[in-house]
Each structure stands twice: as structure tokens, then as C-alpha cells.
2 protein chains.
Amino acid sequence: MLAKNDGKEFSNYQFPFLIYIYGVDNTILQGYIKNVSERIPDEDLPLLASCAKYIHVKKGEALVKEGELCRSFFLVEKGYLRTWFNKDGVEINLDFTFEGQFTTSRKSIKNHTPSEVTIEAGEKTSVWIFDLDSINNEFGAHPQIVLFIRRLVVHILMMSEEHSDLFKLYTPTERYQYIEKNNPALLQRISLSQIASYLGVTRETLSRIRAKNH
Amino acid sequence: MLAKNDGKEFSNYQFPFLIYIYGVDNTILQGYIKNVSERIPDEDLPLLASCAKYIHVKKGEALVKEGELCRSFFLVEKGYLRTWFNKDGVEINLDFTFEGQFTTSRKSIKNHTPSEVTIEAGEKTSVWIFDLDSINNEFGAHPQIVLFIRRLVVHILMMSEEHSDLFKLYTPTERYQYIEKNNPALLQRISLSQIASYLGVTRETLSRIRAKNH
DNA sequence: ACCAACCTGTGACAATAATCACAATCTGTT
DNA sequence: AACAGATTGTGATTATTGTCACAGGTTGGT
């Protein structure tokens with residue numbers, strides 16, 4: 001049975017490290033859902049919010065592991081998630097997901113293939129999980145939910161394009177300046193070493209870029 | 001009025017260089033549409049195919065220009081389309097779209113903003129155009145079409161992710177080898193100079209990568 | 001066949017980034 | 001306050017890529 005987020009039911013969700021929160025403020029969640037698309041009618045928001053399960057994840061614990069199938073979308077309520085790829089034993093950061101943002105293992109969820117990436121908590125993190133299988137079981141008949149999931153996929157893919165363009169069009173220094181301007185919170189919350197691979201440079205190079213930028 | 005592709009009607013589509021073809025073989029088009037998603041029912045294919053207008057584009061002519069709004073999806077029947085970004089006066093190739101593949105200006109069509117990219121024919125090219133405004137006017141009531149367009153957006157975005165990953169994870173040499181293995185047709189049909197910016201290197205560097213690879 | 005325009009290969013050199021090594025600084029705990 | 005462990009800054013050196021210049025080859029049109 002799926003938690004209804006009304007404080008009256010438990011979830012039997014499989015992760016071993018879940019901590020269930022009662023009476024969480026749902027209006028914030030509904031606002032985050034609304035951000036996915038202006039075109040979601042306000043009257044659908046309570047139903048969509050009820051699809052999500054709220055969990056706590058400790059720093060370093062994974063929501064998706066490399067090689068495992070991913071069937072969920074994750075919405076960060078507090079803290080942040082770090083998505084990384086294992087290249088020859090080295091972790092390459094592909095994404096940081098902060099409060100109010102959605103993420104998932106895009107290829108895994110689309111193609112039903114093992115995830116190539118790991119998604120883990122970068123600090124103590126609270127997450128809303130939209131699990132496709134649970135939703136299908138419980139809410140399969142609701143067209144609003146099916147439509148929301150489609151919009152969510154497009155939303156997440158468009159967001160990730162933004163970061164991709166950085167690599168195709170800009171030099172490492174220009175990438176840093178772009179983040180400085182458009183996502184300064186990232187620079188404040190993530191360590192230089194972690195940001196380096198996210199920008200496609202070594203930590204030494206990023207340190208020097210930062211030094212030249214005053 | 002929209003051409004019905006049955007050879008009985010003309011389109012008044014606005015591009016000045018259109019050549020209308022009558023009695024084009026629709027089964028190939030339907031096959032391309034089916035490639036977007038296995039889940040499209042076969043009985044919907046004739047309707048979806050009827051949304052498309054068939055045009056010819058001469059080499060170098062643009063279907064989407066930087067600064068213009070893009071409201072269409074393009075499916076290449078023959079030839080290829082080249083999508084490029086103007087960086088400080090230099091053309092950076094972002095995408096090559098070959099027979100059976102779809103493309104569009106993703107950000108423009110999603111956000112209703114001027115296109116940042118230009119999409120033009122790399123050689124004499126035949127294209128099926130799915131124009132959103134025409135489709136809305138003529139077929140707005142058909143839920144199969146609305147669903148197809150959503151699937152098409154996801155399909156195109158997922159394809160473009162493939163190319164983005166090249167930049168985030170691999171060196172220029174590794175990118176070349178990836179293309180060699182996974183898209184050898186591209187290397188045969190596109191000139192070295194054009195491929196260079198697509199791989200994020202200068203033409204001299206790509207020439208040397210190719211030389212070392214035998 | 002000829003020519004002009006374009007494309008490709010390659011050398012010399014400059015600029016940029018990676019690698020290695022280590023010092024300095026920061027952080028959290030006791 | 002003192003310490004250990006992690007993070008960051010920086011110099012020296014190497015490797016990679018870009019820039020500039022030009023030679024040779026290819027292509028398409030008359």
C-alpha cells in the first residue's frame with residue numbers, strides 16, 4: 001500500500017533506511033509539482049502529490065545504483081542529490097539536484113535498462129519519490145497522472161540539456177562563469193573537488209580558474 | 001489548408017522553395033513514425049502520417065533560422081539536415097539528422113522562444129514537416145496526435161542526450177572512436193571540417209586523430 | 001581539360017589543461 | 001586548543017589541443 005501523505009498510513013516501500021514523516025506540509029510539494037508545467041490544473045495537484053512517498057536519505061546513501069533498474073522520479077525537499085558516472089573507477093559528477101528539483105536515471109527509466117549512473121544523497125536529504133510501479137498499481141486509471149509523468153519526463157530532459165550545452169559550446173572558464181551567474185547556489189554548497197568533474201576539468205584547473213576570477 | 005499527401009490537394013505552406021510531391025510512398029513514412037515508439041498502435045499510423053507535409057529543400061537552405069520561432073518537427077526522408085549554433089561568428093555543428101530521423105529546435109518549440117540554432121539542408125534533402133499550428137487547427141481534437149507529439153518530444157530529447165554524454169565523459173579521440181563504432185555513416189557522409197566542430201575540436205586536431213587511428 | 005573554390009594534411013609554435021608533488025587551510029571531534 | 005583527515009592552492013613539468021601558415025588534393029562548373 002502506498003502512503004497517502006496524510007499522516008494516517010504507513011508505506012511498505014522497500015528501502016531499508018526510510019524514515020517516515022507525518023503531516024508534512026503538502027502545499028510546498030504541490031508548488032514543486034506545479035513548476036513542472038504551468039498547464040497542470042490546480043485541482044489536479046492534491047492527487048499528484050498523493051502519488052509521492054516522502055523519505056529521508058543519509059549522506060552518501062544511494063537512491064539508484066549503477067547496474068540497477070530505476071523506476072522512480074525523485075523530488076528533493078531538503079538537501080541535495082548527486083548523480084555520478086563511474087568512468088574507469090573515477091566518479092564523474094553529471095548532476096546536482098537541489099530543493100524543488102526533480103531527477104531520475106533518464107535512460108534506465110525510459111528504456112527499462114540498468115542504470116549507468118548512481119544517484120545518492122550529497123548530504124542528509126529529504127526526497128519525494130514518484131515510483132512508476134506503485135503509481136500504476138494504485139492510480140493507473142487516472143489520466144492526469146499519466147499526463148503529469150509525461151510532462152515530468154520532458155521537464156527533466158530539458159533541464160539536463162542546459163548542462164549539456166555548456167560542454168558543447170563553452171570552455172572550462174566560460175562554464176564556470178555560467179554556473180557563477182546562473183546557479184551560484186551550486187558553488188556555495190558543493191565542494192570545489194566535486195564541481196570540477198561536473199565542469200569537466202581537474203580540481204587543480206578549477207582552483208586556478210577560480211583564482212584568476214578573483 | 002494542410003496538404004493531405006494523397007496527391008489531390010496543394011498546401012499553401014509558407015516556405016518559398018517548396019516542391020510538392022504527389023503519391024509519395026506512405027508506408028516508409030509510417031515506419032519512421034512507428035520508430036518513435038513501439039507503443040503507437042498500427043491503426044493510428046495513417047492518421048499520424050497525414051499530419052505531415054512533404055517538401056524538398058536545396059542544399060544550404062534553412063528550415064529554422066537563428067532568431068526565428070520554430071513550431072515544427074522535421075523528419076528526413078532523403079539527404080540530411082545540419083543543426084548549428086553561431087558562436088561568435090563561428091558555426092558549431094550540434095546535430096546531423098539523416099534518413100528516418102526526427103529533429104527540431106528543442107528549446108524554441110518547448111518554450112515558444114526564438115531559436116538559438118539554425119537547421120539547414122546539408123545536401124538536397126526531402127523532409128516531412130509536422131507543423132504544430134497546422135496540426136492543432138486541423139487535428140486538434142485527435143488525442144492520438146497529441147500523444148504522438150509528446151512521444152516524439154521525448155524521443156528527440158533522448159536521442160540528443162546520447163551526443164551530450166560524449167562531451168561529458170570522453171576525450172576527443174574517444175568521441176571519434178565512438179562515432180566510428182556507433183555512427184560510421186556520419187563519417188562517410190559529412191566532411192572532416194564539419195565533423196570537427198560536432199566533436200568539439202578543430203579540423204586540424206581531428207585530422208591528426210584520424211591519422212593516428214590509421 | 002581547365003580553373004577556381006574548397007577540403008585535407010602537416011609542420012612550427014603558442015596556449016591550455018593534466019599530472020605530480022607538496023604546502024597551506026579548513027573542518028569536525030575530542 | 002589540539003589533532004586527524006579532508007580540501008584547496010600552487011609550482012614544475014608533461015601532454016594535449018589550438019592557431020597560423022602553407023602545400024597538395026579533390027570537386028564541380030564552364
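Observations on the model:
- Using a probe of 1.4 Å, the accessible surface attributed to A:C51 totals some 0 Å² when neighbouring protein chains are kept in position.
- C-alpha long axis of helix A:172-182 to longest principal axis of chain A, angle in °: 40 degrees
- Ascending list, in nanometres, of distances separating the A:A141 label from those of the other copies (7 Å, Cα toward Cβ): 2.7
- Only helical runs count toward this figure. For the protein assembly as shown, summing -39,500 (n - 2.57) over DSSP H runs of n ≥ 4 and dividing by all residues gives -12500 deg cm²/dmol at 222 nm.
- Angle in degrees between helix B:143-169 and the longest Cα principal axis of chain B, rounded to the nearest 10: 0 degrees
- Buried accessible surface for the A/B chain pair comes to about 2700 Å², total over both chains, computed with a 1.4 Å probe.
- Take every pair of alpha-carbon atoms less than 8 Å apart whose residues are at least six positions apart; their mean separation over the length of chain A yields a relative contact order of 20 percent.
- Heavy-atom accessible surface of A:R71, to the nearest 10 Å², is about 50 Å², with a 1.4 Å probe and all protein chains retained.
- With label points defined 7 Å past Cα in the direction of Cβ, position A:E68 shows copy-to-copy spacings of 4.9 nm, given to one decimal and shortest first.
- Placing B:H142, B:H155 in order of accessible area, with the largest value first and a 1.4 Å probe, yields B:H142, B:H155.
- Computed lengthening from B:H112 to B:D133, 0.36 nm per intervening residue step minus Cα-Cα distance: 6.3 nm
- Structure note, pairs A:K53/A:K78; B:K87/B:K212; A:K107/B:K65; A:K181/B:K110; A:K34/B:K168; B:K107/B:K181: Cα-Cα distances above 21 angstrom occur for B:K87/B:K212; A:K107/B:K65; A:K181/B:K110; A:K34/B:K168; B:K107/B:K181.
- Options B:W128, A:T104, B:G200, ranked by Cα towards positive dipole end of the protein assembly as shown, top entry (Cβ charges): B:G200
- Solvent accessible area, Å² - B:E68, 1.4 Å probe, full protein context: 90 Å²
- Each copy carries a label point for A:K212 at 7 Å from Cα along the beta-carbon vector; from one copy to the others these points are 2.3 nm apart, nearest first.
The values are calculated or read from the model by the stated rules, or taken from the named source; none is laboratory data. Keep in mind that this is a model prediction, so the values were computed, not measured. Ideal geometry is used to build each Cβ from the backbone, glycine not excepted, and the neighbour counts take in all protein chains shown. Just so you know, the surface numbers come from the protein's heavy atoms only, side chains and all, with ligands and any DNA or RNA stripped out. Shrake-Rupley method; radii C 1.70, N 1.55, O 1.52, S 1.80 Å.
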